[in-house]
Amino acid sequence: MSQITLYLDDATQALVEQAAQANGVSKSRWVADIIRKYASHEWPQDCLNLAGRFADFPLREQGSGQPADVPRVGF
């Protein structure tokens, strides 16, 4: 298992300690979980569940190969 050194200001250190304690894990485990969550290249399941839910989403291509017209919002 690898080890890294993090330099944190006092306020950030306190946040890590509080969050780890609140989640019942060590500081190392909490930081590793956060890294896995935010450094992942996968879409969250909630986002994946939205795929195909918007039939009129403007990114679909029309027969001409051009993107569908996007309605303009007037200001």
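Determine ³J(HN,Hα), in whole Hz, for all residues of the stretch 10-20 in sequence, where each value follows from phi through the Karplus function 6.51 cos²θ - 1.76 cosθ + 1.60 and θ = phi - 60°; x replaces Gly and Pro.
Running phi through 6.51 cos²θ - 1.76 cosθ + 1.60 with θ = phi - 60° gives 4, 5, 5, 4, 5, 4, 4, 4, 5, 5, 4 Hz.
Cα gyration tensor of the stretch 1-50, axes a ≥ b ≥ c as square roots of the eigenvalues: rounded (a/c below 1.5), prolate (a/b > b/c) or oblate? All intermediate terms of the calculation are to be shown ahead of the outcome.
Values: a/c = 2.30, a/b = 1.81, b/c = 1.28.
It comes out prolate by the Cα gyration axes.
If you plug each phi of the stretch 24-32 into the Karplus form 6.51 cos²θ - 1.76 cosθ + 1.60 with θ = phi - 60°, what whole-Hz ³J(HN,Hα) values come out, in order, with x for Gly and Pro?
Going residue by residue, I get x, 10, 6, 4, 4, 5, 5, 4, 4 Hz, with x marking Gly and Pro.
Only the coordinates and a few stated rules stand behind these numbers; no lab work does. Everything numeric here is computed off the predicted structure, so don't read it as measured data.
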